[in-house]
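All remarks here apply to the structure that follows.
Each value in this text was obtained by applying a stated rule to the coordinates, not by laboratory testing. Computed from a predicted model, the values in this text were never measured in an experiment. Glycine gets a Cβ as well: all are built from the backbone with ideal geometry, and neighbour counts include every protein chain shown.
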Amino acid sequence: MTSLLDGPTTAATPPDARSASPAKRRSPVTWVRRGGLTTLLFFLPLLFSFGFFAWFPIVRGIVMSVQQTNFVTDPAFVGLDNFAAVLADPVFPTAVGNTVLFTVLALLFGFPVPLLLSVVVAEFRRMRGFASVLAYLPVIIPPVAAVLLWKTFYDPRPDGLFNTVLGWFGAGPLAWLNDGGLALPAIVLQATWAGAGTATIIYIASLMTIRTELYEAAEIDGATVLRRFWHVTLPQLRNVIFVMLLLQLIGTFQIFTEPYIMTGGGPDNRTTSILLLIYRYAFLNGDYGKATALSLMLAIFLALLSIVYFRLTRRWSAS
Amino acid sequence: MTVKDSLPVSAPATAAIALAADPQQPGRRRRRRRNVEEADRSILSSFDRGKGSIRVITLLIGALVLLGLIVVSAGPLLWLAKAATSTTQDTLSQPFALWPSGFTWQNLTDALVRVQFGKYLANTAWVAIGSWLFSLLVATTGGFGLSVLRPRYAKAVYAGVLATLFIPGIVSLVPLYLTVLDLPLFGWNLLNTFWAVWLPAGASAVNVLLVKQYFDGIPRDIFEAATIDGAGAFRLFWSITLPLARPILGVVSLLSLVAAYKEFLWPLLVLPDPNLQPLSVALPRLEATTELSVYLAALFISVLVPVALFLVFQKQFLRSAGSAGAIKG
Amino acid sequence: MKKQFGTRLIAGIAAGATLLTLSACSAGGQDSADGTTTITVSDLPGSDAPEARKIFLDRVAAFEKQHPDITVEPSETIWAADTFQAMLAGGTMPTVMGVPFTEMSGLIERGQVADISDAIDQDSVLGGLNENVQAVAQNAEGQTFGVPVAAYSMSLLYNRELFTAAGLDPDDPPTTWDEVREAAKTIEDKTDAQGFQTMTKDSTGGWILTTQSYSRGSELQALDGDTVTATVDNDATKQALEFYRTLRWDDDTLGSNFLLNWGDVNNAFAAGTVGMYVQGADVWDEVVTNLGMSADAVGIAPLPQSPDGLGTLGGGTVRVINPKATPEQVAAGLDWVEFLDFSKYTDETVAVDDAKATVADGASVGMPVVPVVDTDTYDQYLSWVDAEINVPREHFTAYIDSTTTLPIVPEPSVKAQELYAILDSVVQAVLTQEDASIDDLLAQAQKSAEALTAP
């Protein structure tokens, strides 16, 4: 019985938990009679969808990264040529640099805001629900609509929305997306606006689970409000914070929609991300070999991040 | 959570949500939440709140934060509502003036009629509903197989599903696209059919793992008793497991519906026919081909629908979003 | 004979080859056992243009009646940059497909369209096309891979109403780039509108820069025998960028948004906020019919030229054949192209019906285009449809005259789209960074462009 209650790690212990016999030599007939066919039937949707739309494409992607194909004649094996071609593309370092910069900026903008916001909102008594709804509102908007809306805000004319606001303070007008230095931060600002709600809600939920005794103990010890935040709240949130950090990292490394819609990668490739480059290789230039090669490189990097992430979350959930 | 990524499979989100589902103790979480509500204290205690200075400061900070939230979160949407009913000229020359030339309801009707916005809205609904159904089908049957039936090959299948978590979707974007163009063994071309969006949506490791873990938490005696009573696999699945799994099915439904609604890159690739495109793909095209006021009206309608749904089902939305926070050690 | 055998062999191999997977992909139609040939064809007008759609379907029926051994399956497929490769990969490319001029070099190079040299030689009408236009569908060896069916050339579009408002003569548009600059300043000063604009995004920046370079005396790729060399770093291109720089940073007549694609500039022009821009003359239908600009406001002038200008860049539509088509399908496909695209030049009834349907759908007849047939034939066609012409051709007389005098220079022959993408960033850099060094940018672009033409 105990084995039945076990989680994923022991999921595969006895092959058929309901049958007492070990059944080492099975004929197809007994397999069917024991419900093997029915079991397979249950697995069919999973095997179909994962087989065709997850496992096969992954394998094919790896194969294609060492091939060149025009879809008319048979693909030719080209070894690591595709990888070399990607590395030799002058836009490649630019795209990597942009993506890294994007990630760093996204952390700078997007990381402290939800944390502080959630701490304040968690203190609310009557307005907590209202504040949560407000904080989450931008997340609900379809990303494309949000990006397009902000693109309108970033109108570079002096009469543009943001430039009008700047005008009230005697500043601007700024060129926003038309400024090579400003375009990327502008996109990050939009992405932060669109994404901060998720993190805020998760932090609020975590804050609600901090045991009250900890605060009480700190209060009895005479800790000020700020010290309570620093010594109780933050350490208690440590794990969630780290998880959110990694999630954000993995997410921002795959940024596509925002630059695709707002700038098309411009001006002068200053907002071209890795994913945008992959898109260009594959769907504009028809160079699927280069596209899969770059995808593979990015995927290996992200897989490493995911493994780190998973190991940590497992350890924490076990403790 | 998955929604941020434009790719069908998002590794980290899965793990976060799967862990958050906390399957072993279905009852524990509820208890914990109640405790929290009862205690209802955080950094500040009731004693602090009673103190004058702290009270003023917290009220002030609270008011500021709330005001900021209203301006930042709701502001853009309110502006969009205004612009959607203003003339192009007003929006361009005085973005903050309130209807200097009066209301222009025409924009909204133009967006619905001339731009055929209803068509895109219907496409979006189709995409979302189909994706949801397939996600649910794969996740429940797969989860049932992996958790309850557990044949010999379950371990391999489980490993395969788990592996897709760590292999980011990006590696398979291009080949997945080619697969959809020419489905191996069948030779079907799914391009410009909703199947191209629906079928891959089913291959979500997040959903399968979530459901599997939840099923793992159901006491085995229930299944044993039913088996002794002569229930077959289908009855176990349909009459016993599914009814018990309602909460997790809700979470999976919400996740897959929201993900499908927000998807951009994938439908952009596989639905090039404008008559099939969902909103997310149609909007950027409308931007370049429609008058600004009508385009903003279209944008407004596309925002209105999810916001209305959110305001109605805010508890469910916030809970499923916040549940990822339960990973806390 | 030998050549034909080769073609057949290649077609056979191609048809037999299975693509990546087990399933074989047909060329969109098969030869059935009873001897009829089935072809699929692109560009069936959608249901939003019912008259044109009906005409198209009627023509399919008429063609099938005339050729009982050929079955035509029309599809609404139209060419798009990001879906064409998908069509090939998915095996859904129609037997006969319309593609833009720009794509031809790439398609020929990648072996993704059928060689129709032999099939076309047997055909008198298709064989007698305007040689200059036909050149876009040929490779360096003179083999033919397609039939040009419509052509346009780049022009200077200007807003006649803004010209009048600014005190400029709408019937005397600028003919040199210096005059363009002065006119832009005048419009900027005298009206609320922006003087000039240019595309920069989605490869259009490079496209227009290439056009500008042609008008100032240099191509961006030099063809010597069958070797192509990149010549991006040249004086003409430098002058073109210097022109942009002056308008942007000295005169401030280029507006403030420099992330614009084809649709964006047309939208701004149609909204009446822009005085002039460089665009294909065939954009008429888009700005007038689709975007609702007043027909009287649209002026189209020949592309301004420097003293050593080479002419203007040309483009258009080429019908190509699926490389996996059988010889029978190739022949049937060419018959169809001749019937669909050229009978209006030889048959008055067809010409008039076609024009009437176009008008009924709210589109334009008599648009400023470059004839794919010789001038006499085209004039005869115009006289047939004279009653249906619904555009003020007097607003672009100079342009129409120029289509026979101003040379049309083809687009770069190797990877034009990728070259344009490289130049996009050069244009964007000049327009968004005041201190951008044009010399450095061009030197850099030259290096990238060389990588494209490297064997």
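The C-alpha radius of gyration of chain C, expressed as a fraction of 2.2 N^0.38 Å, stands at 1.01.
Note that the stretch B:254-299 carries a Kirkwood radius of 11.4 Å, evaluated over its alpha carbons pair by pair. Here the translational diffusion coefficient of the stretch C:211-258 follows from Stokes-Einstein with Rh set to the Kirkwood radius across Cα pairs; for 25 °C and 0.890 mPa s it amounts to 204 µm²/s. Legend: Rg and Dmax of the stretch B:92-137, from Cα coordinates, 17.6, 53 Å. Spacing of the modelled spin labels on residue C:143 and residue B:185, each 7 Å from Cα toward Cβ, amounts to 3.9 nm.
Dipole check for chain C: with +1 at the C-beta of Lys and Arg, -1 at the C-beta of Asp and Glu, and the Cα centre as origin, the magnitude is about 1020 Debye. Residues C:101, A:310, A:130, ranked from the fewest to the most other C-beta atoms within 10 Å, line up as A:130, A:310, C:101.
Charged side chains reduced to their Cβ positions (Lys and Arg at +1, Asp and Glu at -1) give the protein assembly as shown a dipole of some 9320 debye around its Cα centre. Roughly what percent of Cα-Cα pairs across the stretch A:112-223 reach past 21 Å? Cα-Cα pairs in the stretch A:112-223 separated by more than 21 Å: 54 percent.
For the stretch B:193-329, evaluate the Debye formula with one uniform point scatterer on each Cα (no solvent term) and list log10 I(q)/I(0) at q = 0.18 Å⁻¹, rounded to two decimals. Here the Debye-derived log intensity ratios amount to -1.12.
As a length-normalised measure over Cα pairs under 8 Å and 6 or more apart, the relative contact order of the stretch B:81-182 settles at 14 percent. Working from Cα pairs under 8 Å separated by at least six residues, relative contact order for chain C is 24 percent. Residue pairs exceeding 32 angstrom between C-alpha atoms, taken from C:324/C:344; C:190/C:238; C:201/C:356; C:324/C:415; C:201/C:324; A:151/C:185: C:201/C:356; C:201/C:324.
For the stretch B:111-154, the Kirkwood radius over C-alpha pairs fed into Stokes-Einstein at 37 °C and 0.692 mPa s yields D = 256 µm² per second.
Across every pair of non-identical alpha carbons in the stretch C:45-181, the mean reciprocal distance, once inverted, gives a Kirkwood radius of 18.8 Å. Spatial offset of the stretch C:148-202 relative to the stretch A:71-113 amounts to 40 Å, using the alpha carbon center of each. Entry note, chain A: relative contact order of 24 percent, from Cα contacts under 8 Å with a spacing of 6+ residues.
For the stretch B:200-274, the Kirkwood hydrodynamic radius from C-alpha pairs, put into Stokes-Einstein at 10 °C and a viscosity of 1.306 mPa s, yields a diffusion coefficient of 109 µm² per second. With a 10 Å cut-off between alpha carbons and a GNM built on chain A, which of A:65, A:295, A:206 moves the most? The residue with the greatest mean-square fluctuation here is A:206. Classify chain A as rounded, prolate or oblate, taking a ≥ b ≥ c as the square roots of the eigenvalues of its Cα gyration tensor: rounded when a/c is under 1.5, otherwise prolate if a/b is larger than b/c and oblate if not. It comes out oblate by the Cα gyration axes.
In this simple spin-label model, placing a label point 7 Å from the Cα along the Cα-to-Cβ direction at both residue B:59 and residue C:54 gives a separation of 7.5 nm.
The eigenvalues of the Cα gyration tensor, multiplied by 5 and square-rooted, give the stretch A:50-204 an equivalent ellipsoid with semi-axes of 40, 25, 15 Å from largest to smallest. Its Cα gyration tensor gives the protein assembly as shown an equivalent ellipsoid. The semi-axes, each the square root of 5 times an eigenvalue, are 54, 39, 25 Å from largest down. Here the convex hull built on the C-alpha positions of the stretch C:235-393 has a volume of 183 cubic angstrom per residue. Note on the stretch C:216-295: Cα-Cα pairs beyond 15 Å make up 68% of the total pair count.
Of the residues C:176, C:200, C:223, the one whose Cα sits farthest toward the positive end of the charge dipole of the stretch C:175-275, with +1 on the Cβ of Lys and Arg and -1 on the Cβ of Asp and Glu, is C:200. The magnitude of the dipole of the stretch A:83-318, with charges of +1 and -1 set on the Cβ of Lys/Arg and Asp/Glu and taken from the Cα centre, is near 520 debye.
Any chance you could check the Cα centroid distance between the stretch C:249-264 and the stretch B:93-134 for me, in angstrom? Centre-to-centre distance over Cα atoms comes out at 29 Å. Once the C-beta distance of residue B:119 and residue A:284 is scaled by a Förster radius of 25 Å, the resulting FRET efficiency is 0.40 to the nearest 0.05. Between the C-alpha center of the stretch C:371-449 and that of the stretch C:265-303 there is a gap of 15 Å.
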